[in-house]
Number of protein chains: 2
Amino acid sequence: MLAVDVGGSSLKGAVVTAAGHTLAPSTRPTGTGAAAVEAITRFLLELADQARAMGVRVAGAGVVTPGTVDEGAGNVGYASNLEWRDVPLRDLLSAGTGLPVATGHDVRAAGLAEQLFGAARGIDDFVLIPIGTGVAAALRTSGHGVVGATGAAGELGHIPVVLDGERCPCGQRGCLEVYASGGGVARRYAARTGVPSRAQDVVARLGHDTAADEVWQDALAALSSGLTTLTLLLDPQVIVLGGGFTAAGDALLVPLRQRLTEQLTWRPSPEVRLSQLGTDAGRSGAAVLAMRQQGITPPPELQSATTSAVVEPASGRPALRTHV
Amino acid sequence: MLAVDVGGSSLKGAVVTAAGHTLAPSTRPTGTGAAAVEAITRFLLELADQARAMGVRVAGAGVVTPGTVDEGAGNVGYASNLEWRDVPLRDLLSAGTGLPVATGHDVRAAGLAEQLFGAARGIDDFVLIPIGTGVAAALRTSGHGVVGATGAAGELGHIPVVLDGERCPCGQRGCLEVYASGGGVARRYAARTGVPSRAQDVVARLGHDTAADEVWQDALAALSSGLTTLTLLLDPQVIVLGGGFTAAGDALLVPLRQRLTEQLTWRPSPEVRLSQLGTDAGRSGAAVLAMRQQGITPPPELQSATTSAVVEPASGRPALRTHV
């Protein structure tokens, strides 16, 4: 299969074999509007060429995107970063590549991949929360992804955690990601100190910079409030945190787990884990969507690109001739 | 079918025919602990007698309860009002009545009934929120009820809407139902004025009692924050409000819809409707669980007890001989 994860700035693609080997991983710039659709089409054609050069037959492609995504119809309703509105993505990419294309939502596909291959393996009720510049969530309940009536479920970053709180760039007030995201922490620290800083700089100053400590405490309070809400509404077994924000490590995880346990006075708190697939999760999920569209059962494991130099033969045939 | 909705103070039961007629509706006191299980058993036997006296054969029973309910195993893990912990309810009731019994969660069953027969008919993505002394929610996504890893999903009343807010009887701080429930409004008004009042008394004083106005504004703020969170996480098409709190009518609905629209700056707000089945929803859902257990497709309509004096023949046979 060809698999592409469409991000706001870059496309992440690879060739993924039915046996679970990830080959030829690479990235391309995304662009916006019709140019973004063209960039994805070109990238898929290049990946198909690479697959053929490796002797791999291409059965289809999976492409996942941000925005409000109707998986059934293959349409993207609205994706702000890509400047897309009502884009019939599946049909455009199929026409442009001559391949069957499955489309899906990037975060939901990442959640599916974490469930099949990663930190939530075999767990039917869990939440994946990628925290980067903003905050998203893939909600899975009884083994199914929550999509919503308009494909817009999982907007954890914009739930209100502070009544009449600070204004979010989205226009709402008190959104979780105003306080607890890479963008939010950087913005709030800079507003207090006048010093432009990235979130990791703020984390590096913890313990010897009062402004950094205050901004971080607010982030922990907002995030633990959001996890409390998710737990009470969806009762997940596990919460998986991903994204660049988790590079804060124990400065994030230790107090977050403690706050969550303290806030949930009358019920156990779910386990909070880190993502295993990291930034590959969306692309791996795209591969799974393509396999499912072709009636291929996903493999029990996905080998990451760095460990897939040697391709194992599958079912007696040379793997490089297997369907991907 | 026999159908019983187990409440903290009373059992609501009826005989429901496969054609959807509700007969012999009545209530009994619930009790706690083992006495509650005995009361339900006796009530089911009485309903079975009444069914037989009407010439109706009883194929099974459905019983719904509060608490953490494992529908698959037929167990109630914990139900505080009933003082139950790890009660194998389905097996106890089957043994006590000699009938096949399906058990379920009261609020989730009410959500199922609203979807089949009520305010959310034919809608796959919606939330039912009964607001009485406390606040609960039945979450339905893509036509499925959200149950959670431990059967404890839907605890909307205890999501934090005010960071470090007022203490809830549950032990947490800032819970939605501290501010936006019958119990919460009554408690907060009494704390301000020293005048013990019910929520409906507070509503009656709106516009000429500053304390009432302030408590009500806080309730609206908390509830609209909760509905905003539900909308962003689950993307429901419709939100259905039920329970005694909705007797406030336009004093609740008009400002609530306005606040929800204002808070959701960048996405449409779902329609907010009132429940159609009201306090019958749980019992109707219990009947559906019993029908499904017996492989009987629920009827397209349920006639309420008050309109079912005349029982129509179903498929050529006298209805009073039909299976229930």
**OP:** List the number of the failed condition for residue A:130; all other conditions in (1) at pLDDT 95 or above; (2) open to solvent by less than 10 Å² (accessible area, probe 1.4 Å); (3) within 28 Å of residue A:184 (Cα to Cα) hold.
**Re:** (2)
Original post:
With respect to residue B:280, is the statement that it is acidic (Asp, Glu), within 11 Å of chain A (Cβ to nearest Cβ) and either more than 22 Å from residue B:141 (Cβ to Cβ) or out of contact with any helix residue (DSSP H, G or I) (no Cβ under 9 Å at 6 or more places or on another chain) (or both) true?
Top reply: no
Original post:
Do we have any residue at all in region B:118-125 that's assigned to a loop (DSSP other than H, G, I, E, B), touching a His at 6+ places or on another chain (Cβ under 9 Å) and open to solvent by 30 Å² or more (accessible area, probe 1.4 Å)?
Top reply: yes
Original post:
Which ranges mark the strands (runs of 3 or more DSSP E) fully within region B:1-116 that have 3 or more residues being among the β-branched types (Val, Ile, Thr)?
Top reply: B:61-65
Original post:
In this structure, does residue A:210 turn out to be under 19 Å from residue A:128 (Cα atoms) and of a type outside the set (A, V, I, L, M, F, W, C)?
Top reply: no
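Name the helices (runs of 4 or more DSSP H) wholly inside region B:176-277 in which the number of residues that are more than 25 Å from residue A:177 (Cα to Cα) and open to solvent by less than 10 Å² (accessible area, probe 1.4 Å) is 2 or more. Let's see the steps before the verdict.
Values: elements: B:176-179, B:182-193, B:199-204, B:210-234, B:250-263.
Where helices (runs of 4 or more DSSP H) fall fully within region B:176-277 and carry at least 2 residues being more than 25 Å from residue A:177 (Cα to Cα) and open to solvent by less than 10 Å² (accessible area, probe 1.4 Å), they are B:182-193, B:210-234.
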Subject >> Positions within region A:78-104 being buried (at least 18 other Cβ atoms within 10 Å of the Cβ), under 21 Å from the mean Cα position of the chain (by Cα) and without any contact (Cβ under 8 Å) to a residue 40 or more places away in the chain, in sequence order >> reply: A:78, A:79, A:90
**OP:** Check region A:18-28 and report whether any residue there is open to solvent by 40 Å² or more (accessible area, probe 1.4 Å), at pLDDT 95 or above and in contact with a helix residue (DSSP H, G or I) (Cβ under 7 Å, 6 or more places away or on another chain).
**Re:** yes
Original post:
Among A:118, A:182, A:132, A:171, which is the only one that is more than 9 Å from every other protein chain (Cβ to nearest Cβ) and out of contact with any Gly (no Cβ under 7 Å at 6 or more places or on another chain)?
Top reply: A:118
**OP:** Evaluate the following for residue A:256: is it touching a residue at least 24 places away in the same chain (Cβ under 8 Å) and away from chain B (no Cβ under 14 Å)?
**Re:** yes
Original post:
Of (1) in contact (Cβ under 8 Å) with a residue 12 or more places away in the chain; (2) within 20 Å of the chain's Cα centre (by Cα), residue B:33 satisfies all except one. Which?
Top reply: (2)
Subject >> Among the residues listed as B:137, B:149, the single one being closer than 26 Å to residue A:176 by Cα and facing another protein chain (nearest Cβ under 7 Å) >> reply: B:149
Subject >> Residue satisfying condition, being within 14 Å of chain B (Cβ to nearest Cβ), of a type in the set (D, E, K, R) and over 28 Å from residue B:140 (Cα atoms), within set A:209, A:213, A:218 >> reply: A:218
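The values are calculated or read from the model by the stated rules, or taken from the named source; none is laboratory data. All values reported here derive from a predicted model rather than from experimental measurement. Cβ atoms come from the backbone with ideal geometry, glycine included; neighbour counts cover every protein chain shown. What goes into the accessible areas is simple: the full protein's heavy atoms, side chains included, and nothing from ligands, DNA or RNA. Shrake-Rupley method; radii C 1.70, N 1.55, O 1.52, S 1.80 Å.
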